[in-house]
1. Any idea which of Tyr196, Tyr207 is in contact (Cβ under 8 Å) with a residue 24 or more places away in the chain, under 18 Å from Ile180 (Cα atoms), surrounded by fewer than 19 Cβ atoms within 10 Å (Cβ to Cβ) and hydroxyl-bearing (Ser, Thr, Tyr)?
2. If you go through region 136-150 one residue at a time, how many are part of a loop (DSSP other than H, G, I, E, B) and over 21 Å from Gly88 (Cβ atoms)?
3. Name, by its number, the condition in (1) part of a loop (DSSP other than H, G, I, E, B); (2) under 22 Å from Val270 (Cβ atoms); (3) touching a His at 6+ places or on another chain (Cβ under 8 Å) that does not hold for Asn98.
4. Could you look through region 248-280, keep only residues that are in contact (Cβ under 8 Å) with a residue 40 or more places away in the chain and among the small types (Gly, Ala, Ser), and pick out the one that is surrounded by the fewest Cβ atoms within 10 Å (Cβ to Cβ)?
5. State the number of residues belonging to region 142-179 that are of a type in the set (Val, Ile, Thr) and over 13 Å from Ser30 (Cβ atoms).
6. Which residue is farthest from Ser228 (Cα to Cα), if the candidates are limited to region 190-209 and must be small (Gly, Ala, Ser) and not in a helix (DSSP H, G or I)?
7. Given the conditions (1) assigned to a loop (DSSP other than H, G, I, E, B); (2) under 27 Å from Gly88 (Cα atoms); (3) out of contact with any Cys (no Cβ under 9 Å at 6 or more places or on another chain), which single one is not true for Lys310?
8. Is it true that some residue in region 343-364 is assigned to a helix (DSSP H, G or I), touching a Gly at 6+ places or on another chain (Cβ under 7 Å) and under 26 Å from Asn72 (Cα atoms)?
Amino acid sequence: MKTHFFRILIVLLLIAEVVPSFACTSAIFSGKVTTDGRPLLWKHRDTGELNNRIQYFPVSSDVKYAFIGLVNSPVESGEVWTGTNSEGFSIMNTASYNLQEKRADMEDQEGVVMYKALALCRTLGDFEKLLDKMKKPLGVEANFGVIDAEGGAAYYEVNNYEWRKVDVNDSKVAPEGYLIYTNHSYTGRINDGSGYERYATATRKIYQNWIQNEGFTPQWIFNNLSRSFYNSVLNYDLCENSAAVSGGWFVDQDFIPRRSSSASIVVKGVKKGEDPLLTVMWTILGYPPCGIAVPMFVAAGENQPAQMIKGNNGNNCQMCNETLSRKSNVFSLKRGNGKNYFHFSRLFNENGDGYMQVIAPLENGNFIATQEFMNEQYKNGKISVSGIENLYKKIEFGESVK
């Protein structure tokens with residue numbers, strides 16, 4: 001086992017990957033493959049800005065539909081990196097690196113596009129009209145994942161001047177009922193782009209669950225994708241071989257969660273005909289293996305959980321600060337090439353006291369309480385704002401995890 005481990009370590013050290021500044025992993029699951037027939041929109045965010053929070057945007061002169069979204073903490077408004085609005089329109093993105101021959105300085109405007117989409121769009125058709133209407137060049141090279149309350153679910157591969165729709169509901173395009181995207185586009189230049197290793201990991205994990213016909217849930221996605229330490233190139237899973245990780249350290253290379261991971265979000269949409277406000281945006285802020293999933297609702301308006309929004313002493317939020325503090329114990333090497341290594345045993349170990357292991361039962365309680373609440377809401381056909389307030393009294397935000 002030790003010989004096998006050191007061979008793997010050497011291979012990882014020899015792998016040279018230029019990590020793009022915006023590199024995410026994502027998937028859309030149609031209602032055909034989820035446990036309750038409601039679509040799921042997943043984004044695992046990697047970025048250079050590790051401090052992010054949730055912000056509520058009320059109706060205003062430039063916001064037709066109220067929405068909640070993931071924002072970079074230093075930015076007051078104008079950009080959103082995943083979100084859902086009062087009409088059940090939800091959007092996220094992954095950067096693509098194979099749609100244009102050359103990237104321009106004015107690119108990386110995806111956050112602006114998503115802000116406008118959440119503020120103005122109700123359906124996929126509205127989003128398509130927005131893309132056509134916006135001034136060109138758009139300043140993007142990206143894959144936008146979108147679901148709406150009318151059953152729409154698709155990715156849009158978008159560059160500065162044109163877009164192409166990849167429909168998750170089209171059995172010819174997505175025969176299994178889901179699509180996975182990282183940092184390349186299906187219609188882009190073959191073998192260019194990035195994220196192929198993470199794409200392979202997500203494909204393997206999702207297909208294994210799909211073939212067993214067990215259905216997909218937000219909890220499954222967080223546990224099996226956002227916190228997966230499987231390396232598709234080496235066919236090696238740290239969680240299954242934790243005892244072989246010498247000294248508890250490993251190289252941070254080609255896992256879905258990485259040093260640059262800042263959040264993971266799963267939007268659970270609604271069935272066609274349901275109240276769009278029944279949409280739930282499950283959110284982990286900070287490094288996902290050290291964070292805890294919390295349900296978020298547009299219907300809560302300005303009364304979003306205090307731990308998830310801008311704090312009283314600056315733009316950062318409590319949840320992200322606490323998660324990043326735990327993360328600092330995992331990525332504790334600072335000098336030399338130390339940033340390329342992480343202390344895996346502080347996340348998962350044979351003693352059962354790693355962060356992921358301690359967080360698991362707390363987070364499971366969040367899912368149980370929320371499912372009980374949502375079952376009643378689905379039955380009533382309408383979200384209860386007072387019910388959301390009562391739910392948050394039961395939710396665990398992870399303050400006790402040190």
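1. Tyr207
2. Adding up the residues that qualify gives 6.
3. With (1) part of a loop (DSSP other than H, G, I, E, B); (2) under 22 Å from Val270 (Cβ atoms); (3) touching a His at 6+ places or on another chain (Cβ under 8 Å) applied to Asn98, the lone miss is (2).
4. Per the stated criteria, the residue is Gly248.
5. 1
6. Looking at residues that are small (Gly, Ala, Ser) and not in a helix (DSSP H, G or I), I get Gly193.
7. The one condition Lys310 does not meet is (3).
8. Checked region 343-364: at least one residue is assigned to a helix (DSSP H, G or I), touching a Gly at 6+ places or on another chain (Cβ under 7 Å) and under 26 Å from Asn72 (Cα atoms).
Rule-based calculations on the coordinates, nothing more; no lab input. Since the structure is predicted, the reported quantities are computational estimates derived from the model, not experimental observations. With ideal geometry, Cβ positions are generated from the backbone for all residues, glycine too; neighbour counts draw on all protein chains shown.
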